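Heads up: the structure comes next, in structure tokens.
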Amino acid sequence: MKLDENLATIHAYLCADGYVIKNPKNSKYKYFHIGFRNTHLTLLKDFQDKFKKVFEIKPHLIEGQRCRIGSKEIYERLTKKFGSFYSWEWRMPKLNIELSKIWLRSYFDCEGWVTCQTHQNRMIGADCVNKIGIYQIKEALEKIKIKSKLKKRNTRNIFSLQIYGKENLVKFKENINFLHPAKNEKLNQIIKDFVEYKWDYPKEQEKLNNFIKKILKTKAKIKKDAGIVRIISKIEDNLVRLQKELYLRFNIESKVNKRINGIGTVYFELNINKQLQVRSLIDKNLINEIEIQKWKNR
């Protein structure tokens, strides 16, 4: 049984959303079940097709639920080669770089999620109860130059892996990507969301005034717990100019600070933290309604 791209995909699917089980010793009934649980037809068909290529038999597909088959021979072949597939026990096999990318894609197709909060929180994540397995995934990502963070949940025995930063997300798309259509589309969205040019401030006063208002309406966010208004940019000059215009036009004081996120990416943040100043922004209708409600409900 050659560990090729078909078997690597099957293995990842089974580790993420599958099962390879047999009856307990004290059971009256003998069974050997292999199955892949998933609601997305694209992934179910991919599992079914690759299973057929490796084992020359097509598992039964129940649309929106799973692919499954009963076979003692296949059970023994899989467990002899890879060991256990239980959630806490599976291990990522030793793979070359190309097969590792295929394995990771199939795993993230099942367990991965994509978050896109524009200009704020853009990441790929995966949660896992298998500490050794998720650390192996982190190491496999590092081998293709994708940085990630891994932390244990405080309340549950779950480990969360997070990939963020434009460079890492682009590398994920180029090297791994998603077969899952919705996740693939969302990954495209978060990469596009990083596109940020130097702000072109108009010279004409009326246009400049409208431009400042548009920035505030679209980019200003309120930290609900503190009631602080902040605007983020990768380019410091964007915010330095905005700071100047806010004071000249609306008598709003602000501060511009340099920030560094968890993976070392530098960005800049304009903060308006005096409550009277924030109230002035609201009274002058310079912040969108959603952010105003956050401030009122804090």
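The values are calculated or read from the model by the stated rules, or taken from the named source; none is laboratory data. Note that the structure is predicted; figures quoted are calculated from it, not measured. Positions of Cβ are generated from backbone atoms using ideal geometry, with glycine treated the same way; all protein chains shown enter the neighbour counts.
Here are ILE102, ILE10: which of them is assigned by TED's automatic domain parsing to the domain that holds PHE172 and within 29 Å of GLU142 (Cα to Cα)? Lay out the reasoning, then the answer.
Details: ILE10 fails: assigned by TED's automatic domain parsing to the domain that holds PHE172.
The match here is ILE102.
Which ranges mark the helices (runs of 4 or more DSSP H) fully within segment 223-298 that have 1 or more residues being within 33 Å of the chain's Cα centre (by Cα) and farther than 30 Å from LEU169 by Cβ? Break it down into steps so the answer makes sense when it comes.
On the way: elements: 236-250, 275-283, 289-296.
Output list reads 275-283, 289-296.
Could you list, in sequence order, all residues of segment 86-142 that are of a type in the set (Gly, Ala, Ser), closer than 30 Å to ARG230 by Cα and surrounded by fewer than 18 Cβ atoms within 10 Å (Cβ to Cβ)?
GLY125
Residues SER254, SER280: which one is over 21 Å from GLY165 (Cα atoms), surrounded by fewer than 18 Cβ atoms within 10 Å (Cβ to Cβ) and not charged (D, E, K, R)?
Working: SER254 fails: surrounded by fewer than 18 Cβ atoms within 10 Å (Cβ to Cβ).
Step by step, each of SER254, SER280 is checked, and only SER280 is over 21 Å from GLY165 (Cα atoms), surrounded by fewer than 18 Cβ atoms within 10 Å (Cβ to Cβ) and not charged (D, E, K, R).
Does segment 209-258 hold any residues that are closer than 29 Å to SER148 by Cα, basic (Lys, Arg) and at pLDDT 90 or above, and which are they?
Of everything in segment 209-258, just one residue is closer than 29 Å to SER148 by Cα, basic (Lys, Arg) and at pLDDT 90 or above, namely LYS258.
Report, by residue number, each residue of segment 8-35 that is under 11 Å from SER106 (Cβ atoms) and either modelled with pLDDT under 95 or outside any strand (DSSP E or B) (or both). Working first, answer last.
Initially, segment 8-35 is screened for residues under 11 Å from SER106 (Cβ atoms), giving 8-18.
Selection gives ALA8, THR9, ILE10, HIS11, ALA12, TYR13, LEU14, CYS15, ALA16, ASP17.
When both residues are 6+ apart or on different chains and their Cβ atoms are under 8 Å apart, which pairs have a first residue that lies in segment 192-204 and is under 27 Å from THR115 (Cβ atoms), and a second that is of a type in the set (Ser, Thr, Tyr) and at pLDDT below 85?
Once the first residue is under 27 Å from THR115 (Cβ atoms) and sits in segment 192-204, its partners that are of a type in the set (Ser, Thr, Tyr) and at pLDDT below 85 give ASP193/THR118.
What's the number of the only condition in (1) crowded, with 17+ Cβ neighbours inside 10 Å; (2) over 30 Å from ASP109 (Cβ atoms); (3) among the β-branched types (Val, Ile, Thr) that VAL240 fails to meet?
Against the list (1) crowded, with 17+ Cβ neighbours inside 10 Å; (2) over 30 Å from ASP109 (Cβ atoms); (3) among the β-branched types (Val, Ile, Thr), VAL240 comes up short only on (1).
Determine whether segment 124-135 contains at least one residue that is among the polar types (S, T, N, Q), in contact with a helix residue (DSSP H, G or I) (Cβ under 6 Å, 6 or more places away or on another chain) and either within 26 Å of LYS192 (Cβ to Cβ) or touching a residue at least 12 places away in the same chain (Cβ under 8 Å) (or both).
So the first thing to find is which residues in segment 124-135 are among the polar types (S, T, N, Q), and the list is 130.
Then keep just the ones that are in contact with a helix residue (DSSP H, G or I) (Cβ under 6 Å, 6 or more places away or on another chain); that gives none.
Taking every residue of segment 124-135 in turn, none turns out to be among the polar types (S, T, N, Q), in contact with a helix residue (DSSP H, G or I) (Cβ under 6 Å, 6 or more places away or on another chain) and either within 26 Å of LYS192 (Cβ to Cβ) or touching a residue at least 12 places away in the same chain (Cβ under 8 Å) (or both).
Inside segment 43-99, can you point out the residues that are touching a Cys at 6+ places or on another chain (Cβ under 7 Å) and assigned to a loop (DSSP other than H, G, I, E, B)?
Matches in segment 43-99: PRO59, PHE85, TRP90.
Filter segment 100-133 down to the residues that are of a type in the set (Lys, Arg), touching a strand residue (DSSP E or B) at 6+ places or on another chain (Cβ under 8 Å) and under 20 Å from LEU179 (Cα atoms) and list them by number.
Residues of segment 100-133 of a type in the set (Lys, Arg): 101, 105, 122, 131.
Right, trim to touching a strand residue (DSSP E or B) at 6+ places or on another chain (Cβ under 8 Å) and you get 122, 131.
Of everything in segment 100-133, just one residue is of a type in the set (Lys, Arg), touching a strand residue (DSSP E or B) at 6+ places or on another chain (Cβ under 8 Å) and under 20 Å from LEU179 (Cα atoms), namely ARG122.
Among the residues of segment 176-193, write down those that are surrounded by 15 or more Cβ atoms within 10 Å (Cβ to Cβ) and more than 26 Å from THR39 (Cβ to Cβ).
ASP193
Of these, LEU187, LEU161, which one is in contact with a strand residue (DSSP E or B) (Cβ under 7 Å, 6 or more places away or on another chain) and in a helix (DSSP H, G or I)? Lay out the reasoning, then the answer.
Numbers: LEU161 fails: in a helix (DSSP H, G or I).
Criteria check complete, one pass: LEU187.
Do we have ILE74 as more than 24 Å from the chain's Cα centre (by Cα), buried (at least 16 other Cβ atoms within 10 Å of the Cβ) and free of Cβ contacts under 8 Å to residues at least 60 places away in the same chain here?
Values: more than 24 Å from the chain's Cα centre (by Cα): yes; buried (at least 16 other Cβ atoms within 10 Å of the Cβ): yes; free of Cβ contacts under 8 Å to residues at least 60 places away in the same chain: yes.
When the stated conditions are applied, ILE74 passes them.
When you check ILE282 against the structure, is it under 24 Å from TYR201 (Cα atoms) and touching a helix residue (DSSP H, G or I) at 6+ places or on another chain (Cβ under 6 Å), yes or no?
yes
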